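Visitor: Have a look at the structure that comes next, please.
The values are calculated or read from the model by the stated rules, or taken from the named source; none is laboratory data. Owing to the predicted nature of the structure, the values given are computational and were not obtained by experimental measurement. A quick note on method: Cβ atoms are made from the backbone with ideal geometry, for glycine too, and the neighbour counts reach across all protein chains shown. Only protein heavy atoms, including side chains, enter the accessible area calculation; ligands, DNA and RNA are left aside. Shrake-Rupley method; radii C 1.70, N 1.55, O 1.52, S 1.80 Å.
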Amino acid sequence: MKKYFFSFSLAILFSCNPDTTVKQDDGTSKPDPIIARIKGPLFNTDSAFNNIKTQVAFGPRIPDTKAHKNCADYFIQKLKSYNLTVTTQKTSGTTPIDQRLIEITNIFASYHPERKERILLLAHWDTRAFADHEEDPALSKKPFDGANDGASGAGLLLEIGRILQTQDPNIGIDLLFSDAEDGGLDNGAPEGWCIGTQYWTQHMPQNYTARFGILLDMVAGRGATFPREGTGMYYAASVVEKVWSAAGRLGYGAVFINDVVGRTTDDHLYINTYARIPCIDIVHYNKFERNYNPWHHKLSDNMEIIDTYIIQIVGNVLVDVIYNELPK
Ligand SMILES: [Zn+2]
């Protein structure tokens, strides 16, 4: 990933701490029925952390390598064990970064596929071919672990897949593990990125739609902040508001910050434009440095920088949003 079309900073003031109680005549309080929230199941941070660690242990999941294939098998086995309906989609394409013709594998897991009202959660699971943001030319051709860039989003999706069977959210949920997201060039065409998702949007299950989508990308890095990302703001501002206000209510306003930053080319762009599903991106971006994070496409993107505190926050926000999205 990916470049910003433009960058701007705009502080937006939202009321993120609504009074969640109503005062009674006798002076006591009861929960406000309008904004009382449904409590979802426990999002297990250790489980999500281990999902990330397991992916990294396969080696860099560079498309069409042994590590990549082993990791796909791991996802499929895990998702099936959670009683999800799993389909695998294969195609081929060329990733600009290494100019290789590769096999691409998207994995799609559905909870209650017959339900009409659905939420789409997605993350890319491939690893960029090499750490091209390293300044030393010798290092910039080396592969890297991609613990945050790739494995973190997929690891959190797997944990969501696990907890669905512990408490029914009463709505359909889909988990898309998209491939070949990270093979574009910083100064290249946007179509070089997100190849797996582009293919998926053109070959979705028949009549597929979802109320909205949430993309997770680099969601477990130490000290992460998640500003309101520009492409999501452009196409799906109400979904951004839904998620960031949920985070605010949970007390995570210092991580899910209200600053709006520029637009990024990430999988959600094609979910918005091709699939026409309003979709947002939870992505680690440092507004002061105007960069994603210090490890982006570098060798330092390894398990050392994975932070269970950030995993727990993102997991709790996802659970709150999913379990409060009720069927009509
Ligand atoms: Zn990347």
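Visitor: Hey, can you tell me all the residues within the stretch 270-304 that are within 13 Å of the ligand (Cβ to nearest atom) and either part of a loop (DSSP other than H, G, I, E, B) or open to solvent by less than 10 Å² (accessible area, probe 1.4 Å) (or both)?
Guide: Correct list: Asp281, Val283, His284, Tyr285, Tyr292, Asn293, Trp295, His296, His297, Lys298, Asp301.
Visitor: Working only within the stretch 222-269, note down all residues that are open to solvent by 40 Å² or more (accessible area, probe 1.4 Å) and over 29 Å from Gly188 (Cβ atoms).
Guide: Correct list: Arg222, Gly223, Ser238, Glu241, Lys242, Arg249, Leu250, Gly251, Tyr252, Gly253, Ala254.
Visitor: Condition first: away from the ligand (no atom under 16 Å from the Cβ), buried (at least 24 other Cβ atoms within 10 Å of the Cβ) and β-branched (Val, Ile, Thr). Now tell me which residues in the stretch 185-214 satisfy that.
Guide: Ile214, the sole residue that qualifies.
Visitor: Same structure, new question: Tell me, yes or no, whether the stretch 313-322 has at least one residue that is crowded, with 19+ Cβ neighbours inside 10 Å, out of contact with any Ser or Thr (no Cβ under 6 Å at 6 or more places or on another chain) and farther than 21 Å from Gly161 by Cα.
Guide: No: the stretch 313-322 contains no residue that is crowded, with 19+ Cβ neighbours inside 10 Å, out of contact with any Ser or Thr (no Cβ under 6 Å at 6 or more places or on another chain) and farther than 21 Å from Gly161 by Cα.
Visitor: Regarding Val219, is this residue among the β-branched types (Val, Ile, Thr), open to solvent by less than 10 Å² (accessible area, probe 1.4 Å) and under 17 Å from Tyr323 (Cα atoms)?
Guide: So Val219 does not fit the description; no.
Visitor: In the set Asp174, Asp182, Asp217, which member is within 16 Å of the ligand (Cβ to nearest atom), closer than 22 Å to Arg118 by Cβ and in contact (Cβ under 8 Å) with a residue 40 or more places away in the chain?
Guide: When all the criteria are applied, what remains is Asp217.
Visitor: Can you tell me which residue is nearest to His68 (Cα to Cα) among those in the stretch 141-166 that are more than 14 Å from the ligand (Cβ to nearest atom) and either without any contact (Cβ under 8 Å) to a residue 40 or more places away in the chain or open to solvent by 60 Å² or more (accessible area, probe 1.4 Å) (or both)?
Guide: Top of the filtered list is Lys142.
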